[in-house]
Amino acid sequence: MRRNVRGVLIAALAACIVLAPLGIAGQAFAVSGGSDSLGARTTATDWYFAEGTTRSAFTTYIAILNPNPDEARLTFTYLTGSGDPIVREHTAAPSSRFTIDVSSDTGPEQDVSTLLHSSLPVVAERPMYFRFPRGPETGVQDEWDGGHDSLGATAPGTVWHFAEGTTRYGFVTYIAVMNPGDIEARLTVSYMLGDGATSLATHLVPPHSRYTLDVAGDVGDDKDVSASVASTSPVVAERMMYFKYAGATDGGHDSLGARSTANDWWFAEGTTRSGFATYLAVMNPSDSEATLDLSYMLEDGGTIQRRHTALAHSRFTIDVSADVGTERDVSALLHSDVGVVAERPMYFEYMGCWDGGHDSMGATGTATDWHFAEGTTRPGFVTYLAVMNPGAVETSVQLTYMLGSGSPLSRTIAVGAHSRFTLDVSQDVGAGRDVSVWLHSDTGVVAERSMYFGAPRKGLTICVDPGHSSTTRFEIDPATGLDVGDGDGAAGELQANWDLALAAREELEDAGYDVRLTKQNVEDYVSLRNRAEIGNTCFVTVRLHHDPSGFEGVMRPPVGAARCPTSDPGRITVIDTGVAVESDALARCIAPEMGLRVRDDTVGTTKANATPAGYPTCLIGSLLSRVPVVCIENKYLVYTPESAYWAKREYMRGLVRGIDTYAASRSPSTTP
């Protein structure tokens with residue numbers, strides 16, 4: 001699935017390096033899931049998408065990669081189930097990534113297919129995010145949230161094949177058909193089941209329209225099916241699936257159909273690591289049994305060979321973990337002695353909290369060029385490129401990243417022989433970027449882009465501690481013997497941090513969070529114990545200070561930090577390890593968004609406390625916390641209303657973005 005995926009996951013948990021397919025930040029609802037797409041081998045002037053909707057709780061985008069040195073003029077023709085086509089014009093800047101929110105072109109409550117025509121060759125994909133309503137058939141209301149993505153077709157055709165599909169309980173499968181022609185299209189759908197049984201269904205699609213068929217309506221319930229769609233006139237077909245896999249993992253995935261069968265199918269992505277289930281679905285439409293030879297390629301260059309048999313006119317499924325074992329990241333080459341179609345569905349709980357699934361049709365061969373229109377490094381998402389090199393020698397791969405604005409970025413990587421390589425896009429382009437990718441290799445490779453996402457969970461409560469009081473007091477905490485009295489801080493700090501806290505509260509509330517301040521007025525006195533107790537009722541605590549030495553940074557308590565009363569050095573209080581680990585993760589999410597460094601929590605003490613020998617130190621307020629806590633130290637010593645530094649909205653928006661990133665990577669079960 002990923003190069004050194006365990007290390008990547010640990011890094012994501014510790015550093016909160018997360019990315020995002022465009023658009024989810026603007027949604028009115030939060031979702032988690034993933035999507036995957038095989039790259040496009042070539043650019044084209046026409047791209048067709050059968051699926052798309054602007055119904056409530058669905059968001060549909062078209063992402064365009066323009067690799068040309070000139071502006072591309074884009075004409076979108078949207079076909080609905082009824083009525084006249086909707087036509088809109090847009091432009092994509094040279095060497096850039098461009099995105100359209102389909103609802104802004106068509107309005108709400110429309111099921112649409114899309115034809116994109118460009119004045120120059122481009123690449124286009126269609127990402128979608130959703131909350132799929134379920135429950136009327138069982139009387140139990142439910143929503144399956146997630147997202148899926150599909151590369152467009154470059155032309156309509158009269159035959160489309162789908163290896164994957166099921167009508168089992170917990171799955172809903174549709175086929176969307178776009179008829180861009182001037183005459184009615186008559187569809188004959190051939191369904192192939194796991195036992196070799198077949199069934200036929202017919203459907204009519206009016207000209208210039210989009211049509212959706214419910215597979216369960218054709219074959220009944222509790223069937224694993226492959227499907228071939230034959231049409232009397234050229235159409236475009238996609239298969240969408242929505243699911244609650246194993247009764248727990250909800251989401252959806254989508255695939256454009258294959259135009260023909262093939263003897264070889266290549267898959268760059270795949271993993272059998274904990275939290276992931278990977279399958280290969282094979283459709284054998286031929287009159288004879290198919291012998292399937294699987295070659296799995298590992299990241300260390302090793303290979304694993306397996307053989308399977310698929311009945312004639314049947315759907316066959318391979319559990320990849322049964323072939324290669326667990327804890328493997330794999331690419332796969334499937335060779336059949338007769339023409340077949342193959343897809344790779346995957347289901348997952350990414351980082352233990354973002355559940356969903358994705359699916360990709362295999363490639364029918366290697367190529368030296370692969371293009372991806374979709375991709376982003378916004379908070380709340382992780383984006384990877386998986387590259388499979390089936391060749392006998394190492395290959396050099398050049399990556400060109402085209403951004404929403406600015407100049408393209410480039411990087412070259414080496415991929416070993418008979419191996420797969422996985423790249424975290426954020427490591428190349430940084431955070432907060434919408435990005436398309438052009439991949440060029442010296443020799444033939446296969447490339448896929450996988451994305452995982454989880455919108456920050458709004459409704460969480462954030463504690464903001466303005467720091468210090470108008471008076472200095474000595475106050476002993478009975479539980480620890482520590483001095484938990486507070487002081488008045490540095491000159492000007494009281495008012496400056498109060499204004500900053502109010503700005504933080506406003507920005508956090510605008511972002512959908514609830515906020516608790518540790519005091520209600522700038523002059524209020526609140527002990528360090530009471531501040532911690534207020535914070536312990538919240539998701540995280542953010543403390544605001546400034547330092548007279550000019551020190552600045554986002555401080556977090558180190559693991560193992562401890563304090564003791566000066567009068568009783570044997571009475572040691574050690575910080576909770578889980579709090580320290582999570583505080584470090586929180587600090588690493590916030591610091592880059594605010595333009596600050598992560599620092600040890602060592603600045604500032606109370607006079608009656610000491611640090612025991614052999615222990616790192618930390619602030620008393622951090623020591624008493626039971627939730628992740630950071631202290632933001634600011635170096636500015638002179639506060640004037642005219643400076644407006646403390647109330648700058650962008651500074652506090654950085655704090656919000658950092659908390660968003662942290663929240664997106666944490667589920668309630670993993671938060672202290």
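Given the C-alpha centroids of the stretch 193-225 and the stretch 268-299, what is the distance between them in whole angstrom?
24 Å
Can you tell me the mean projection area, over all orientations, of the convex hull of the chain's alpha carbons? Units nm², please.
32.0 nm²
How much length, in nm to one decimal, is gained on full extension between residue 600 and residue 581, taken as 0.36 nm per residue of separation minus their Cα-Cα distance?
Difference between extended and current length: 5.6 nm.
Expected output is a single nm value to one decimal: the length gained when fully extending between residue 536 and residue 263, i.e. 0.36 nm times separation in residues minus the C-alpha distance. What is it?
92.3 nm
May I ask you to compute the full-extension gain from residue 327 to residue 298, defined as 0.36 nm times their residue separation minus their alpha-carbon distance, rounded to one decimal in nm?
Between residue 327 and residue 298, full extension yields 9.3 nm more.
Positive end of the dipole of the chain, charges at C-beta (+1 Lys, Arg; -1 Asp, Glu), about the Cα centre: which of 445, 217, 393 has its Cα farthest in that direction?
Ranked along the dipole, the leading option is 393.
To the nearest 10 degrees, how steep is helix 493-510 against the longest Cα principal axis of the chain, on a 0 to 90 scale?
Roughly 20 degrees, rounded to the nearest 10.
Compute the distance from the alpha-carbon center of the stretch 72-107 to that of the stretch 315-368, in whole Å.
33 Å
When the dipole is taken about the Cα centre of the chain, and only Lys, Arg (+1) and Asp, Glu (-1) are charged at their Cβ, what size is it in debye, to the nearest 20?
So the magnitude is around 1000 debye.
At a threshold of 8 angstrom on Cα-Cα distance, excluding pairs fewer than six apart, so keeping six or more, what relative contact order does the stretch 96-229 reach in percent?
It comes to 24 percent, rounded to a whole number.
Can you figure out the FRET efficiency of residue 89 with residue 409, using R₀ = 35 Å and their beta-carbon distance, to the nearest 0.05?
So the FRET efficiency works out to roughly 0.75.
As a test, work out the antiparallel percent of DSSP beta bridges whose residues both lie in the stretch 234-298, rounded to the nearest 5.
Numbers: 8 of 8 bridges.
Antiparallel: roughly 100 percent of the beta bridges in the stretch 234-298.
Using alpha carbons only, how many degrees (0 to 90, rounded to 10) separate the axis of helix 5-15 from the longest principal axis of the chain?
The answer is roughly 40 degrees.
Computed from the coordinates by the stated procedures, all read-outs in this text should not be read as laboratory data. A quick note: this is a predicted structure, and the numbers were derived from the prediction, not measured. In this analysis, Cβ positions are derived from the backbone assuming ideal geometry, glycine residues included, and neighbour counts consider all displayed protein chains.
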